[in-house]
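One structure is given here, and the rest of the page talks about it.
The values are calculated or read from the model by the stated rules, or taken from the named source; none is laboratory data. Quick caveat: nothing in here was measured; it's all calculated off a predicted structure. Cβ atoms come from the backbone with ideal geometry, glycine included; neighbour counts cover every protein chain shown.
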Amino acid sequence: MALFRDENTPMIDRYRWWEIAAIYGGIALFLFFLLAPFLEGFLVSLKPLAQLFSSPYTFWPENGSFNAYFTMWTSVPGFGWYIFNSFLISTVATVIVLLLVVPASYAFARFDYKGMGMVLGGFLAISMFSGAVLLIPLFRLMRTLGLLNTYFAMIVPGVAFLIPSAIWLLRTYMKRIPLEMNEAAYMDGASQFYTFRRVILPIASPGIIVVAITTFIGAYAQQFVFALSFNSKTEYMPLPVGLFAYFGKQEVIWNELMAASFVGITPALIIIFFLQRYLVGGLTAGAVKT
Amino acid sequence: MIKNRANMTFAWLLLAPAIIYVAIIVAWPLVETVRLSFTDASLKKVTNYVGWANYAKIYNATFFEVITRTFTWTFFSVLFKMVIGTCGAVLLNAAVPGRHLFRILTMPPWIVPMAIGIFMWGWMYNGQFGMISGLLQRFGLVDGPVAFLAYGNSAYWATIITDVWIGVPMVTIYFLAAIQAIPKDLHEAAWTDGASRWTRFRRITLPLMMPAIITMSMLSLIATFNSFDIIWILTRGGPTGETTTMIIDTYQTAIGSKKYGEGAARAVVICIFLSMFCIAYFRVTRRLAATDNA
């Protein structure tokens, strides 16, 4: 017997019962692998410390409570600051990336001069070197510029590695704007700069918003290596590094750290649910050929 | 495309800020890494050129072991990502109720701050109190607690699994897009001829998503080769060097021991490998684009 058979289901999409079972079984296994750490992390945040550090292992929390979500603000003193820092760093990085990438993407989408192909290739090549490889000269550069132990030590290097995928994504978007727009503006006597500012930017704004979101997510997700190496001031630390400091300590308050982690990832989770349609296009764009 | 000479200055002006920024923050440090690799740079004020001394110092069995380990670690990680990603994409492509929700649920490991996902894995691998060891004991598969990160062999595989966990969502979503781009009528024609689901997967889906698999495995190779956060947070290259990859090794030398010169030499070796991957990637994608248009 085939399940889910109604008027609207094409014959080709109808499954036998065992196929349905295999598909759901496979998906369950797949999602369990991807979500198990979150499940475990959430359950840990509900368990009292005494239960966490007891053998044998118990999966479900006994006397579980949301206590850790309230006590963490005092046990992890900088916690509110860490989240604020994470947001600040990501926001400033996103603004800088947009300022650099919007004009550059327009140039790549609209103009074709000798050497531009090579420059585009150069930008793509950059995305393949991670910041971790360049830490030594970057450290010396930050020291020379006097940026060590400031917010900018974490923002400035991060921006460079966010630029390539942002250019790639926005260029693809801007290419779809018809050339007739430029020609019409030209006929009306508009300068190139006026055309860019008054004609192209308004049309491209949905694409720019998508790039802003994906860049912000990227900046929020990757705050680790630069913050770990270029900043030693607790008050400037973003969330991942702030929490990392607690993992080395003798008495790790795991339930509160997990609670803190959950509060820290909530913005990202909210964005997934509301903007996933744009995200899929945006985040894979770097890998899609044109 | 606009090609007339009148607008050339305008076009390059638009590009200039991004080019200058990247030149300072990425291109110049790359050159500087090569220069530093020939010096004895450290915390001392004076820096001398020492020729090939740093390279002579790292030319030893331990470093070759690190290189080999980096390659096997990367190979297994990419392999698992591709296999799991393909399975995931095929499953998520099935026309069953709930598939939109399942697709959203795939994304969290990719979107949340990497370090925080890794903290959670760190707890899962804990021998005394972690979920994996706990469940294995509960089901009687192991006798006592297993501290996964305390032994070289299990730490090696544990870091790979976490890396796969972070990489799978993007691979899956990308493959799903590739599968959905396959024209429906191919499947319908084969279905009319009585081809089974498996035959259609083998003869239509898999060959047509091959370009996506090749592109993604190259990108994944480069990203995995660069992987730092996972190993550093979980093991710091330990327990006794069994999870030390080239990036970790460079970090330990440069930032840990403050031997900038020697660290730069190690970084140069990484850059040589990355450049080779990069060239291979551009060649492959160009060839794929060429066959696509033919």
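Per-structure values
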{"quantity": "Residue pairs meeting the criteria (Cβ under 7 Å; at least 6 apart or on separate chains; first facing chain A (nearest Cβ under 7 Å) and closer than 11 Å to residue A:244 by Cβ, in the stretch B:110-124; second part of a helix (DSSP H, G or I) and charged (D, E, K, R))", "calculated": "B:115/B:229"}
{"quantity": "Matching residues in the stretch B:71-109 - criterion: being in contact with a Pro (Cβ under 9 Å, 6 or more places away or on another chain), of a type in the set (Gly, Ala, Ser) and touching a residue at least 60 places away in the same chain (Cβ under 8 Å)", "calculated": "B:85, B:88"}
{"quantity": "Residue check, residue B:240 out of contact with any Asp or Glu (no Cβ under 6 Å at 6 or more places or on another chain), closer than 30 Å to residue B:123 by Cβ and of a type in the set (Val, Ile, Thr)", "calculated": "yes"}
{"quantity": "Near pairs, Cβ below 8 angstrom, 6+ apart or cross-chain, from the stretch A:143-160 (away from every other protein chain (no Cβ under 11 Å)) to any residue that is of a type in the set (Ser, Thr, Tyr) and surrounded by fewer than 18 Cβ atoms within 10 Å (Cβ to Cβ)", "calculated": "A:149/A:232"}
{"quantity": "Residue check for residue A:260: buried (at least 23 other Cβ atoms within 10 Å of the Cβ), more than 8 Å from chain B (Cβ to nearest Cβ) and of a type in the set (Gly, Ala, Ser)", "calculated": "yes"}
{"quantity": "From B:98, B:51, B:88, residue being of a type outside the set (A, V, I, L, M) and under 25 Å from the mean Cα position of the chain (by Cα)", "calculated": "B:88"}
{"quantity": "Any hit, the stretch B:157-164, residues being modelled with pLDDT of 85 or more and among the polar types (S, T, N, Q)", "calculated": "yes"}
{"quantity": "Among (1) surrounded by fewer than 20 Cβ atoms within 10 Å (Cβ to Cβ); (2) closer than 22 Å to residue A:166 by Cα - the single one residue A:188 does not satisfy", "calculated": "(2)"}
{"quantity": "Enumerated helices (runs of 4 or more DSSP H) restricted to the stretch A:149-252, each holding at least 3 residues that are of a type in the set (Phe, Trp, Tyr)", "calculated": "A:151-175, A:239-247"}
{"quantity": "Helices (runs of 4 or more DSSP H) wholly inside the stretch A:30-130 containing at least 3 residues that are more than 22 Å from the chain's Cα centre (by Cα), more than 7 Å from every other protein chain (Cβ to nearest Cβ) and touching a residue at least 40 places away in the same chain (Cβ under 8 Å)", "calculated": "A:67-75"}
{"quantity": "Criterion violated by residue B:220 - all others in (1) crowded, with 16+ Cβ neighbours inside 10 Å; (2) more than 22 Å from the chain's Cα centre (by Cα); (3) at pLDDT 85 or above satisfied", "calculated": "(2)"}
{"quantity": "Filter result for the condition that a residue is more than 11 Å from every other protein chain (Cβ to nearest Cβ) and assigned to a helix (DSSP H, G or I), over B:176, B:219, B:206", "calculated": "B:206"}
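Let's see how each residue does on (1) assigned by TED's automatic domain parsing to the domain that holds residue A:83; (2) modelled with pLDDT of 85 or more; (3) under 20 Å from residue A:97 (Cβ atoms); (4) among the hydrophobic types (A, V, I, L, M, F, W, C):
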{"site": "A:129", "(1), (2), (3), (4)": "yes, no, yes, yes"}
{"site": "A:137", "(1), (2), (3), (4)": "yes, yes, no, no"}
{"site": "A:215", "(1), (2), (3), (4)": "yes, yes, yes, no"}
{"site": "A:229", "(1), (2), (3), (4)": "yes, no, no, no"}
